[in-house]
Amino acid sequence: MLISIRFHGRGGQGAVTASKLLAQTASEMGYYSQSMPFFGAERRGAPVISFTRISDEPIYEMSQVYHPNIVVVLDPVIMKVVDVFRGVKEGGWIVANTTKKPDEFVFGQEYLNIVAVDATGIAIKNDLLVAGMPVVNTPMLGALLRADIPLNIEVLEGIVARKFGKEGKKNVKAISEAYEFAEVKLIHGSGKRRYPKKQKIKVEFPISTPAEGVAGKTKLWRDFRPEINYDKCNDCLNCWLHCPESAIRLNDRVEIDYDYCKGCLVCAAVCPKKAITSEREVFADV
Amino acid sequence: MYEVEILTGNETAAYAAMNSNVRVVAAYPITPATPVVETISKLVESGKMLAKFIRVESEHSAMAACIGASAAGSRAFTATSSHGLAYMHEMLHWATNARTPIVMAVANRAIGPGWNIWADLGDSLSQRDTGWMQFYCSNNQEIYDTIAMAYKLAENRKVLLPAMVCYDGFVLSHTAMPVELTEFGDFLHEYEPVWKLDAEKPFTHGNILPPEEFAELRHNVQKSHDRALKLMHKVEEEFYELYGRRTPLILEEYKVEDAEKVIVTMGAIGSEAKVAVDSLREKRVKAGLVRLRCFRPFPEKQLKELLEDKKIYVFDRAISPGSGGPLYQELKAALASTPIKRITPRIVGIGGIDVTKRTFERALFERKIWIKEVIS
Ligand code: SF4
Ligand code: SF4
């Protein structure tokens, strides 16, 4: 038996911690386990992947998981930028944080079993917030245990209670709520996924030119949306200089490119005139 | 039973330093080795680890501080990676010629530019002439055990050499797996230096040395490497008697005896190669594996005995531009009497390209030397 799980989330949501907690749970139940995060740009809000392997035999694989049995999606927005279904085994599972019901899923219906849970709602209800952002990893683990995985919820809760100190109680509560309220839909089928053809890479000198968009449309990372108040702005260009995404344009005045602004609010912090304010971002289309 | 924890490679290295009773740690952070130092600083702060933690302004200073600590008679430890290791280069030579048995964790990472934070053994392999012993690990338990065993060897009076314990960045440094947290009190006693810096009895160390004496010193370094190699089995045995774990120091062989095609490699991909060997055997390919653990000293004799009449595929996760894979080059020299066409080089996993069992399977049947894609 070798079960592999892939977690998709965004930096700050706790995907890496989730995969490690899962490995610990398996280990305490006598299985061999491994938790392998993949690190790219270590930035808050950036897409994050982590893998867990669970087996009844020693695990020698040291490569990433390409054909998981279970995919856990911590953030519904991530589906817009990452192919979360890539390589999932037919008859496998998708465990998603969503307000949708399993029947409303657009992808995966024909060949995957579905667990749907509103982990964000559960996190907010149980006050699992870090810097205002809901941390959904523990409730997602609760929902994951509804999939085909031989792990016991009490062992997981015991570990969380032990490791999380005074935060333990509410996390344990979130786990059992998610386990209880998750909706499961079993499906049998044989859909096949097609993979896009890879492009050939050619690198001779490590040269890059100033450009926006190397990480895709980073607007989806945005939890907060900066707004420039032009009555206060004195065109000092501080924001333009400091924006890490080059998302501030120089037209007749400084203008934020909301396709690429990732909402880090560096611009607001460096503005001497306090001309940049922010409010919570809500995307209508996701 | 010992305590089993799910730890990353970096956390493992920190715990190994603590349980090896390290007394001085001087380090400077660099990805992907930073969590080693972070974990140690927490352990020191909480009083669990009785060591002096020295914050320094660079890796060069980190190694200088370790040399000072070791010369004053303390067991010293540090951790680094990539550019940090390159920056230490001068001091690495110093540590060897000063015969200070420092142990250093190296989370292997590529060297830029072309900024790349991922696994590549090129950083430590390019330090192969500094006189340090070098061990390569393929899982976290091995990192843990090797750090203690490296001190045991390094501090042996017939050896007195510093040692690097290397493990692939991210692939091991950030991957968590079960580790038995043994205490090493019975295995490692307090470090007793042959001589130590002492303000009461002042003397100079590392002053001018005329040619003949310098040659003598260098010859002694070489002889110490030879002796270290000879002592390795003894250290493995003693470790096994105490803790029941067989942790090879020189190499691990897997299904080599009847094998026709033998994969030779080291580091984390050496673990993946085991999966590949099993998979190949299911397809009736008589494959085997030699996973090298110790690159310095280079176990020429042992490799020769195992590999002399085999068809060999050497998988390097590093490149010495203008020459080839470092392991391939050394193995070729060690097997000088073997027909050259039986030794095939492969360059894989450069800059962190993921190496899967299928990478090995394909590489055995394709003619390409470089594999620059993930074969999933
Ligand atoms: S918040 Fe401001 S600094 Fe940050 S990406 Fe957006 S425009 Fe640039
Ligand atoms: S930093 Fe503030 S004042 Fe300066 S250009 Fe930007 S918005 Fe205007």
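Would you work out if the stretch B:96-217 is rounded, prolate or oblate? Take a ≥ b ≥ c from the square roots of the eigenvalues of the alpha-carbon gyration tensor; rounded if a/c is under 1.5, else prolate when a/b is larger than b/c, oblate otherwise.
Taking the square roots of the gyration eigenvalues as a ≥ b ≥ c, the stretch B:96-217 is oblate.
How shielded is A:61-71 by partner chains, expressed as the average number of their Cβ atoms within 10 Å of its Cβ atoms?
Going residue by residue through A:61-71 and averaging, the value is 5.
Near A:Lys217, which aspartates and glutamates are there with a Cα under 18 Å away, not counting those fewer than 8 places off in the same chain?
A:Glu42, A:Asp75, A:Asp83, A:Glu245, A:Glu255, A:Asp257, A:Asp259, A:Glu281, A:Asp285
Considering only B:Leu188, B:Met177, B:Leu209, whose Cα is most displaced toward the positive end of the charge dipole of the stretch B:130-259, charges sitting on Cβ of Lys, Arg (+1) and Asp, Glu (-1)?
B:Leu209
Determine the relative contact order of chain B: mean sequence separation of Cα pairs under 8 Å and six or more apart, normalised by residue count, in whole percent.
17 percent
Find me the longest stretch of chain B that has none of the exposed GluC sites (Glu not before Pro), where exposed means in a DSSP loop (not H, G, I, E or B) with at most 15 other Cβ atoms within 10 Å.
Looking at chain B, B:58-182 is the longest stretch - no exposed GluC sites (Glu not before Pro) with at most 15 other Cβ atoms within 10 Å.
Hey, what's the Kirkwood Rh for the stretch B:251-363 if you take every pair of different alpha carbons, in angstrom?
13.9 Å
Give me a single rounded figure for A:27-37: the average over its residues of other chain Cβ atoms within 10 Å of their Cβ.
Mean partner-chain Cβ count within 10 Å for A:27-37: 4.
Please report the antiparallel percentage of the DSSP beta bridges confined to chain B, to the nearest 5.
25 percent
So if I restrict to the alpha-carbon atoms in chain B, what is the Rg, and what is Dmax, the biggest pairwise distance, in Å?
My reading of the Cα-based Rg and Dmax gives 20.2, 70 Å.
Check the straight Cα-Cα distances from A:Lys89 and name the aspartates and glutamates below 19 Å, setting aside those fewer than 8 residues away within the same chain.
A:Glu61, A:Glu110, A:Asp148
Using just the helices of chain B, give the 222 nm mean residue ellipticity in deg cm²/dmol: DSSP H runs with n ≥ 4 each add -39,500 (n - 2.57), and the total is spread over all residues, rounded to 500.
Calculated from helices alone, the mean residue ellipticity at 222 nm is -12000 deg cm²/dmol.
Could you work out the local net charge near B:Val25, counting Lys and Arg as +1, Asp and Glu as -1, over the other residues with Cβ closer than 15 Å to its Cβ?
Combined, the nearby Lys, Arg, Asp and Glu give +2.
Would you mind checking the pairs B:Lys48/B:Lys230; B:Lys152/B:Lys230; B:Lys196/B:Lys223 and listing those with alpha carbons more than 25 angstrom apart?
B:Lys48/B:Lys230
For the stretch B:157-199 and the stretch A:4-74, write down the distance between their C-alpha centroids in whole Å.
29 Å
With each pseudo-label sitting 7 Å past Cα toward Cβ, what's the A:Ser246-B:Glu200 distance in nm, one decimal?
So the two model labels end up 6.5 nm from each other.
What distance in nm lies between label points placed 7 Å from Cα along the C-beta direction at B:Lys158 and B:Phe214?
So the two model labels end up 3.0 nm from each other.
Short version: ³J(HN,Hα) in whole Hz for each residue of the stretch B:335-341, in order, from phi by Karplus 6.51 cos²θ - 1.76 cosθ + 1.60 (θ = phi - 60°), x for Gly and Pro, what are they?
9, 3, 7, 7, x, 4, 6
Per residue of B:169-181, count partner chain C-beta atoms within 10 Å of its C-beta, then hand back the mean as an integer.
Whole-number average of other-chain Cβ neighbours for B:169-181 is 5.
Answer rounded, prolate or oblate for the stretch A:2-188, using the Cα gyration tensor with square roots of eigenvalues a ≥ b ≥ c: rounded when a/c is under 1.5, else prolate when a/b is larger than b/c, else oblate.
Rounded is the answer for the stretch A:2-188, as its axis ratio a/c remains below 1.5.
Would the stretch B:12-154 count as rounded, prolate or oblate if I go by the C-alpha gyration tensor, calling it rounded below 1.5 in a/c and otherwise prolate when a/b exceeds b/c, oblate otherwise?
Verdict is rounded for the stretch B:12-154.
Where the centre of each part is set by its Cα atoms, how far does the stretch B:102-137 sit from the stretch B:2-40, in angstrom?
When both Cα centres are located, 17 Å separates them.
Gap in Å between the Cα centre of the stretch A:100-170 and the Cα centre of the stretch B:289-364?
The distance from the Cα centre of the stretch B:289-364 to that of the stretch A:100-170 comes to 45 Å.
Would you grab the residues whose amide H sits under 5 Å from the one on A:Arg249? Only those 5+ places off in sequence or on another chain, please, with H modelled 1.01 Å from N.
Under 5 Å from the amide H of A:Arg249: A:Glu255, A:Ile256, A:Asp257.
Take B:Glu57 and A:Asp56, extend 7 Å from each Cα along the Cα→Cβ direction, and tell me the distance between the two endpoints in nm.
Using points 7 Å along Cα→Cβ, the separation is 6.0 nm.
Hey, which of these cross-link pairs are over 26 Å Cα-Cα: B:Lys255/B:Lys283; A:Lys80/A:Lys262; A:Lys20/B:Lys274; B:Lys301/B:Lys341; A:Lys173/A:Lys219; B:Lys274/B:Lys301?
Beyond 26 Å: A:Lys173/A:Lys219.
I'd like the FRET efficiency for A:Thr99 and A:Tyr258, computed as 1/(1 + (r/R0)^6) with the beta carbon distance as r and R0 of 35 Å, rounded to 0.05.
Using R0 = 35 Å, I get an efficiency of 0.90.
Using alpha carbons only, how many degrees (0 to 90, rounded to 10) separate the axis of helix B:59-71 from the longest principal axis of chain B?
The angle comes out near 60 degrees.
Only loop residues by DSSP count here, and only those with at most 15 other Cβ atoms within 10 Å; note down the chymotrypsin sites (Phe, Trp or Tyr not before Pro) in the stretch B:165-249 that meet that.
Listed in order of number, the matching sites are B:Trp195, B:Phe203.
Over the alpha-carbon set of the protein assembly as shown, divide Rg by the Kirkwood Rh and report the Rg/Rh ratio to two decimals.
Computed over Cα atoms, the ratio is 0.99.
Give, rounded to the nearest 20 debye, the magnitude of the charge dipole that chain A has about its Cα centre when Lys and Arg contribute +1 at Cβ and Asp and Glu contribute -1 at Cβ.
Dipole about the Cα centre, nearest 20: 400 debye.
In the stretch B:346-375, whose amide N lies under 17 Å from the spot 7 Å out along Cα-to-Cβ of B:Lys255? List them in ranges.
Under cut-off, by backbone N: B:356-365.
What do you get for the angle between helix A:15-28 and the principal long axis of chain A? Use alpha-carbon atoms, 0 to 90 degrees, nearest ten.
It is inclined by approximately 20 degrees.
Per-residue HN-Hα couplings for the stretch A:168-181, Karplus 6.51 cos²θ - 1.76 cosθ + 1.60 at θ = phi - 60°, whole Hz, x for Gly and Pro?
x, 4, 6, 5, 4, 5, 5, 4, 6, 5, 5, 4, 6, 8
Give the range of the longest stretch in chain B that excludes all trypsin sites (Lys or Arg not before Pro) found in loop regions by DSSP and having at most 15 other beta-carbon atoms within 10 Å.
B:49-156
Report, ordered by chain and residue number, the aspartates and glutamates lying within cross-link reach of A:Lys101, taken as a straight Cα distance under 14 Å and ignoring same-chain residues fewer than 8 apart.
Correct list for A:Lys101: A:Asp118, A:Glu183.
Values in this text are rule-based calculations from the coordinates and carry no lab data. This structure is a prediction, so every number in the text was calculated from the model and none was measured. Please note: Cβ atoms are built from the backbone with ideal geometry, for glycine as well, and neighbour counts cover all protein chains shown.
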